[in-house]
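Right, one structure below, let's go through it.
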Amino acid sequence: GSTSAGSESGPPSPTSESGGAAGRYVPGQALRREIGRDAPQARRLSLDAAVGRTTSGTEACPSVGSAGHWVGVCQPCDFVHRGLCTNGAACKYCHLCPPGMNRLRRKQKKALAKAAQQLTGASGALRQPPGAGR
């Protein structure tokens, strides 16, 4: 048998829903309307208020840059030992290195480069074919 559209009971067809622009069907409109009835106002969350900012680090790690100190991959802060570092725990340089460490590391780097140059110069002399130096 055939059934008529008027005798059928069930959810309204998308075209029969009211609302939208000039009675046009808008996907999800009924769902948004239903959800909006009982929805509480959304609460804004802010991590700035929830997480405290540290003004001083720990004894083992007084600054962010000090994290690599114990494995030797830090860069010393030139200002902390003179009392001039204004970044505190947020400083990206190491506050655990002793005064003068930057100068010492520069000297070591220069000496290493000089030794490497002498080594490559000496090995170059050893590689010359016999009779080339005559």
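The values are calculated or read from the model by the stated rules, or taken from the named source; none is laboratory data. Computed from a predicted structure; not experimentally measured. Neighbour counts are summed over all protein chains in view; Cβ atoms, including those assigned to glycine, are modelled from backbone coordinates with ideal geometry. For accessibility, only protein heavy atoms count, side chains too; no ligands or nucleic acids. Shrake-Rupley method; radii C 1.70, N 1.55, O 1.52, S 1.80 Å.
A few points about this structure:
- Accessible carbon and sulfur surface of the range 55-120 relative to its total accessible area, %, 1.4 Å: 59
- Whichever lysines have a C-alpha closer than 23 Å to that of Lys92, once near sequence neighbours (fewer than 8 apart) are set aside: Lys107, Lys109
- Magnitude of the charge dipole, the range 55-120, Cβ model with Lys/Arg +1 and Asp/Glu -1, debye to 20: 460
- A dipole drawn for the range 55-120 from +1 and -1 charges on Cβ atoms has a positive end, and of Ala60, Cys85, Gln118 the residue lying farthest that way is Gln118.
- Solvent-accessible area of Lys114 with every protein chain in place, 1.4 Å probe, in Å² to the nearest 10: 130
- Area of Arg105 that stays accessible when all protein chains are in place (1.4 Å probe, Å², to 10): 70
- Calculated accessible area for the range 55-120 comes out at 77 Å² per residue, all protein chains present (probe 1.4 Å; ligands, DNA, RNA ignored).
- Taking amide H positions as modeled 1.01 Å from N, with prolines and chain starts lacking one, the residues under 5 Å from Cys94 and 5 or more places away or on another chain are Gln75, Cys77.
- Using a probe of 1.4 Å, the accessible surface attributed to Glu34 totals some 110 Å² when neighbouring protein chains are kept in position.
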